Structures are given as C-alpha cells and as structure tokens.
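Down below is the structure, laid out as structure tokens.
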Amino acid sequence: MPLEEQDVADLGDGPSTVLRVSRSLTIPLDEISWRATTPGGPGGQHANRTASRVEVRFDVEHSASLGPRQRAILLERLGPVVSASSGDDRSQARNRQLALDRLAERLAAALRVPRRRRPTAPTAAARARRLEDKRHRSITKRERRAPRADDE
C-alpha cells in the first residue's frame, strides 16, 4: 500500500513537512534522520559514484510526536529505533520517498491492533451431525470385519 503524495504534505508554515503514518499519527520529517550511501552490487560507473541508496531512521524513544501508548507499543514491537532503506531506484530522491513509505508502513503495521478472537461453540445441529457421522463410520468398520467364530 504505497503512500500518496498527500501523505508527505506541507504544513503551510514553511519548509516543514510531515509523514502521515495513520489517522492518529503524523511525524514531522525533522524527527526522521536519513543518510545516503552507495548501493551495493553490480552497476558500473554510475553505481560506484552516486550515493543513491537511502536509509531513514526514526527514534521512537525521543520522539515528541508519539503518545505514551503509541510509544510503548512501538518500543515493544520494533525497538527504540526503526529504520527502513531503499536502493531500488537510480534516483536518490525517489529512494528517499520509497524509504519513507516503507518506514510509514512498518510503523502502521506495528500500531495495528489485531482483532480479538471470540471463541464460538458448535451449534446443536453440528453436534448432531458429528455424532451421526461417527455412528455411520462405526457401522461401516464393523461390517468390514471378518465374522467371529461365536457369531455363526
């Protein structure tokens, strides 16, 4: 689920932007650190010279944008620092956007609360079907047996 352009949007009061993780969580980009490195693997002269691979890191422990419950959940599930990287594209700007998308997806997945399982009991009809099937199976197996000596 890639983030849309509005998910990294201007606040309107200057160059400050935010990363929208969910409805209840937006992170200012100044809380996210990033660095560019050369991508690994083959690629010729261009790959050896350009720093197009991008890694973004978000410090969960020291973030001012997280509430106490969100912080506790993220610390438990992901640890004190969450990172994501991208080296898929030749463009550093595109890799930065991909890495931000991946970071937002990791944070959103960690904050998602799984639905509680409600145990259910079998219906009376299901119990009756099960017992009837057991009876039929028993009869089938009994009829397959060789006749006993005292049955004759």
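What follows is calculated from the coordinates using simple rules that are stated; it is not laboratory data. Source: prediction; values computed, not measured. As a convention, Cβ positions derive from the backbone with ideal geometry for all residues, glycine included, and neighbour counts pool all protein chains shown.
A few remarks follow.
- Plainly put, segment 47-97 has a radius of gyration that is 1.16 times its Kirkwood radius, both from alpha-carbon atoms, as the Rg/Rh ratio.
- Applying the Karplus relation 6.51 cos²θ - 1.76 cosθ + 1.60 with θ = phi - 60° to segment 66-82 yields 3J(HN,Hα) values of 8, x, x, 5, 4, 4, 4, 5, 5, 5, 5, 8, 10, x, x, 10, 10 Hz, where x marks Gly and Pro.
- Ranking of 37, 26, 140 by count of other Cβ atoms within 10 Å, fewest first: 140, 37, 26
- Sparsely packed loop sites in segment 17-123 (the trypsin sites (Lys or Arg not before Pro) outside DSSP H, G, I, E and B with at most 13 other Cβ atoms within 10 Å) comprise 23, 90, 112, 115, 116, 117.
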